[in-house]
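Notes follow the structure.
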Amino acid sequence: MVIDYALAPKLTPTQYLKRVTSLAIPVLIASLVIYPVNFFALAHLQLVTLFMLLALAVITMLFQVPVSSVGVSHGPVRPIAVATLYLFGPFAAIVVQVVAALLSYCSLNRHLLTEQQPGFELPEQRRSFMRGAMLNTSQLTVATGTTGCVYWMLVHAHAFHQQSLAAAFALSVVSVADFYINAVIITTMASKAYKSRWDIVWFNNYRWTYWSTTLLSPLGFIMGALTAQTPLFGLMFILIPLLAAHRGFALHERRLAVYRQGVDMLGRMMQEAHPYTHGHLHRVSHWAQQMALGLGVPPESMALIGDAAILHDIGKIAVDERILNKIGKLNDADWASIRTHPVIGSEIASQMKYLDEVALWIRHHHEKMDGTGYPDGLAGDQIPLESRIISVVDAFDAMVGGASKDERRPYREPLSNDAARSELVRCCGTQFDERVVSVFLNVLDKEQEEQEALDRANRPKLTLVSAPQPEIASMHGRAAAPMDDLDESRESVGGRKAMG
Amino acid sequence: MTPFNSIVDAIGLTVVTASFAAAFVITPMQMRRATLQSYIAMARAVEAREPHLLGHSELTSMYVVEMAKRSHRYWPWQLRRLECAALLHTIGKVGVPYVLLNSPNQATTTSDRFAIREYVRIGAAILDAVPQLQSSADAVLYHREYLDGSGFPHGRYAGSIPFDAKLLCVASEFVDLTSPRMQRAGLRAMTAQDALLYFRQQAGRKYDATVVRLLEQAHRHVAPRQARNARHES
């Protein structure tokens with residue numbers, strides 16, 4: 001895998017990056033010492049083979065696909081590097097990997113050297129381009145070099161025949177180890193650059209690679225063995241499974257995109273039915289993700305909790321808007337129909353297999369800690385943690401709802417931030433989970449601080465333009481604006497007694 | 001041929017076969033399933049607004065695909081576009097007020113009727129915004145047009161209605177007429193035979209005669225499958 005330009009500008013030259021770079025130099029020297037391949041003394045056929053390997057590596061790297069959104073690309077180049085290791089030793093393997101990666105990196109990003117991108121300065125752009133190239137060189141050197149040297153010393157240099165099963169097995173292990181060293185380095189860089197948890201970055205990018213990496217690990221050895229016997233034909237033959245593997249990879253990425261698009265469309269439908277929910281859904285989703293970070297939710301739920309927050313009220317599509325927007329008290333029939341929405345929502349979400357768990361969370365997002373919620377009357381820890389998170393965030397946003405006019409709920413005036421916070425605290429234990437509420441209040445505090453810091457930075461400009469602007473001031477009072485939902489807020493703010 | 005060689009060959013063949021299977025069979029299948037699942041979820045979301053129509057879109061899509069196959073006008077990969085259109089043809093109803101969709105004597109006034117009819121435009125607009133669904137948008141927009149120009153939204157005549165839309169029109173109305181859950185005041189579900197008779201009478205006037213013939217053929221094929229599914233569910 002190669003770092004993309006998308007990630008490069010975010011990397012700052014920290015201790016960690018320097019360490020990776022400085023590690024690359026001894027590895028390079030070691031690989032030269034272990035097997036000092038003399039490129040000028042190679043036989044004609046060997047030179048042709050080496051050149052073919054290099055060309056193949058460059059071609060495959062040019063077809064690389066981006067891996068999720070982190071800014072890392074993947075090309076099926078590893079088997080070629082392993083074959084080179086088998087035939088020409090660790091130094092040649094490093095050269096093939098690095099040259100292929102650099103050529104593709106430069107050719108895919110060369111416009112960055114000459115064209116200024118919006119929001120960047122040209123010199124800064126060039127510097128981060130160079131930094132990206134440097135990091136790719138060193139991280140590939142470290143990954144390929146260490147595994148290559150270890151292989152060469154332990155297996156290849158020893159007496160037994162090179163075409164043995166031991167060699168085949170060792171090369172498969174080398175291929176897997178190479179991949180995961182590379183992956184660990186990149187995950188660490190990305191998690192530092194985006195300031196997110198290591199296991200989450202890992203899970204999002206590498207969860208699905210375990211099988212395919214293992215399955216494809218013998219490719220490198222097969223390629224090397226074939227090339228040793230019939231150089232040109234061997235290379236051509238191996239290209240087919242390489243490209244097939246590559247296509248499988250690309251389709252896998254696209255499948256995730258399809259699911260994302262499905263969630264998106266459902267969100268858009270929700271908005272069509274209840275126009276005031278749009279901002280609400282996005283704020284709820286943002287906060288839910290922040291809280292999940294703070295609560296140590298497992299990484300596989302992290303990716304889903306944002307979707308769950310977007311879809312939590314999808315069941316309201318099936319509820320009459322007149323009831324949702326009714327001013328005044330709701331009668332029993334109205335409540336009965338509102339109370340169907342978690343069940344309907346979970347039924348809709350469960351149509352997508354990817355959202356199986358989310359369907360469960362949606363079903364329980366109106367349960368209360370004391371067991372008086374609906375639809376199943378679960379209490380305490382029986383309620384999934386994710387549902388508890390969503391119910392707190394949803395309630396808060398519903399209470400402060402209405403920073404802009406069209407987001408305001410018709411049936412009640414929004415509360416101030418402080419009033420909503422104390423309402424959350426008051427309902428701890430009966431309606432909300434204490435732990436979740438305290439994490440949420442922390443998240444809010446942090447955001448307010450950031451907002452204030454931002455305001456402070458912007459203030460000089462504002463005062464220059466005009467004197468106090470009441471509208472802006474009042475909006476900052478409720479930095480995290482909102483809007484929507486209806487029954488949660490009714491219940492938590494005084495509607496509760498009426499409900500029983 | 002040494003044992004070593006044959007083992008390497010075996011591993012090699014396995015890897016090649018596996019990567020081919022993964023790239024050209026398994027992953028595309030998963031892709032297709034993922035896409036369909038999300039469209040079905042959307043269809044369910046709209047149908048939840050009109051509980052008496054539950055399952056309408058899925059059944060319509062079965063009919064449309066069968067009819068399209070029999071028409072010999074589509075390549076297999078073009079059927080996908082019709083399937084999406086059929087699954088999502090009511091999606092615009094999310095934008096129609098709930099009262100209008102559910103009142104027993106619906107659409108008594110002209111303005112109500114026009115408000116309901118907006119759903120084809122809303123649905124087409126939603127599909128049009130998604131690159132993968134753009135090709136289905138036309139079928140959705142024109143699926144309530146009749147040959148004699150009495151349909152909506154534009155009142156187009158025979159020649160200017162896309163064939164996709166003609167298929168979708170007949171299939172969805174057939175499913176509507178025969179749906180046992182159709183409990184609106186004054187309407188009782190027709191038997192399939194009555195409904196087919198009605199379409200035959202209107203063939204050439206409201207509906208395209210070719211399409212009606214396709215419907216009859218498709219019905220012969222889908223009805224047993226449908227009955228089996230229903231028995232399975234209950």
Original post:
Are there any pairs with C-beta distances below 6 angstrom linking a residue in the range A:47-62 that is touching a residue at least 40 places away in the same chain (Cβ under 8 Å) to a residue that is outside any helix (DSSP H, G or I) and of a type in the set (Val, Ile, Thr), with the two at least 6 apart or on different chains, and if so which?
Top reply: A:57/A:77; A:60/A:77; A:61/A:77
**OP:** Keeping to the range A:340-369, report how many residues are touching a residue at least 40 places away in the same chain (Cβ under 8 Å) and in a loop (DSSP other than H, G, I, E, B).
**Re:** 5
Original post:
For residues in the range A:276-299 being of a type in the set (Ser, Thr, Tyr) and touching a residue at least 40 places away in the same chain (Cβ under 8 Å), which is farthest from the other protein chains (Cβ to nearest Cβ)?
Top reply: A:276
Original post:
Is at least one residue of the range A:62-74 modelled with pLDDT under 80, farther than 24 Å from residue A:217 by Cα and polar (S, T, N, Q)?
Top reply: yes
Original post:
Are there any pairs with C-beta distances below 8 angstrom linking a residue in the range A:118-130 that is outside the structural domain of residue A:104 (by TED's automatic domain parsing) and assigned to a loop (DSSP other than H, G, I, E, B) to a residue that is surrounded by 13 or more Cβ atoms within 10 Å (Cβ to Cβ) and not acidic (Asp, Glu), with the two at least 6 apart or on different chains, and if so which?
Top reply: none
Original post:
Is it the case that some residue within the range B:103-125 is within 14 Å of chain A (Cβ to nearest Cβ), of a type in the set (Asp, Glu) and without any contact (Cβ under 8 Å) to a residue 24 or more places away in the chain?
Top reply: no
Subject >> Candidates A:300, A:321, filtered to the one that is surrounded by fewer than 17 Cβ atoms within 10 Å (Cβ to Cβ), at pLDDT below 85 and within 29 Å of the chain's Cα centre (by Cα) >> reply: A:300
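Going through A:237, A:249 one at a time, which residue ends up being more than 8 Å from chain B (Cβ to nearest Cβ), within 25 Å of residue B:21 (Cα to Cα), in contact with a strand residue (DSSP E or B) (Cβ under 7 Å, 6 or more places away or on another chain) and assigned to a helix (DSSP H, G or I)?
Values: A:237 fails: in contact with a strand residue (DSSP E or B) (Cβ under 7 Å, 6 or more places away or on another chain).
Only one candidate qualifies: A:249.
Let's see how each residue does on (1) of a type in the set (A, V, I, L, M); (2) in contact (Cβ under 8 Å) with a residue 60 or more places away in the chain:
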position: A:198; (1), (2): no, no
position: A:224; (1), (2): no, yes
position: A:229; (1), (2): no, no
position: A:243; (1), (2): yes, yes
position: A:247; (1), (2): no, no
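Give, as residue ranges, the helices (runs of 4 or more DSSP H) completely inside the range B:1-93 that count at least 2 residues that are of a type outside the set (A, V, I, L, M) and within 9 Å of chain A (Cβ to nearest Cβ).
Where helices (runs of 4 or more DSSP H) fall fully within the range B:1-93 and carry at least 2 residues being of a type outside the set (A, V, I, L, M) and within 9 Å of chain A (Cβ to nearest Cβ), they are B:3-21, B:27-47.
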Original post:
Looking only at the range A:325-356, which residues are within 14 Å of another protein chain (Cβ to nearest Cβ) and on the phi > 0 side of the Ramachandran plot?
Top reply: none
**OP:** Could you tell me whether any residue of the range B:59-77 is surrounded by 18 or more Cβ atoms within 10 Å (Cβ to Cβ) and farther than 29 Å from residue B:214 by Cα?
**Re:** no
Subject >> Subset of the range A:302-324 that is within 9 Å of another protein chain (Cβ to nearest Cβ) and in contact with a Gly (Cβ under 6 Å, 6 or more places away or on another chain) - its residue that is farthest from residue A:197 (Cα to Cα) >> reply: A:315
Original post:
Would a scan of the range A:453-461 turn up a residue that is of a type in the set (S, T, N, Q), within 23 Å of residue A:383 (Cβ to Cβ) and in the same structural domain as residue A:285 (by TED's automatic domain parsing)?
Top reply: no
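Anything in the range A:426-448 that is of a type in the set (Gly, Ala, Ser) and in a loop (DSSP other than H, G, I, E, B)? List them, or say none.
First, the residues of the range A:426-448 that are of a type in the set (Gly, Ala, Ser): A:429, A:438.
Residue satisfying the conditions is A:429 alone.
Rundown of residues vs (1) hydroxyl-bearing (Ser, Thr, Tyr); (2) touching a His at 6+ places or on another chain (Cβ under 8 Å); (3) within 26 Å of residue A:252 (Cα to Cα), yes/no style:
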residue: A:26; (1), (2), (3): no, no, no
residue: A:43; (1), (2), (3): no, no, no
residue: A:49; (1), (2), (3): yes, no, no
residue: A:53; (1), (2), (3): no, no, no
residue: A:77; (1), (2), (3): no, no, yes
residue: A:87; (1), (2), (3): no, no, no
residue: A:97; (1), (2), (3): no, no, yes
Subject >> Matching residues, the range A:253-275, being surrounded by 20 or more Cβ atoms within 10 Å (Cβ to Cβ) and either more than 14 Å from chain B (Cβ to nearest Cβ) or of a type in the set (A, V, I, L, M, F, W, C) (or both) >> reply: A:258, A:263, A:265, A:266, A:269, A:270, A:273
Original post:
Hey, among the residues in the range A:392-406 that are within 12 Å of residue A:417 (Cα to Cα) and touching a His at 6+ places or on another chain (Cβ under 9 Å), which one's modelled with the lowest pLDDT?
Top reply: A:401
Original post:
Of (1) under 30 Å from residue B:11 (Cα atoms); (2) crowded, with 17+ Cβ neighbours inside 10 Å; (3) under 23 Å from the mean Cα position of the chain (by Cα); (4) of a type in the set (Val, Ile, Thr), residue A:184 satisfies all except one. Which?
Top reply: (2)
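The values are calculated or read from the model by the stated rules, or taken from the named source; none is laboratory data. On a predicted model such as this, the values are computed, not experimentally measured, just so you know. Cβ: placed from backbone, ideal geometry, glycine included. Neighbour counts: every protein chain shown.
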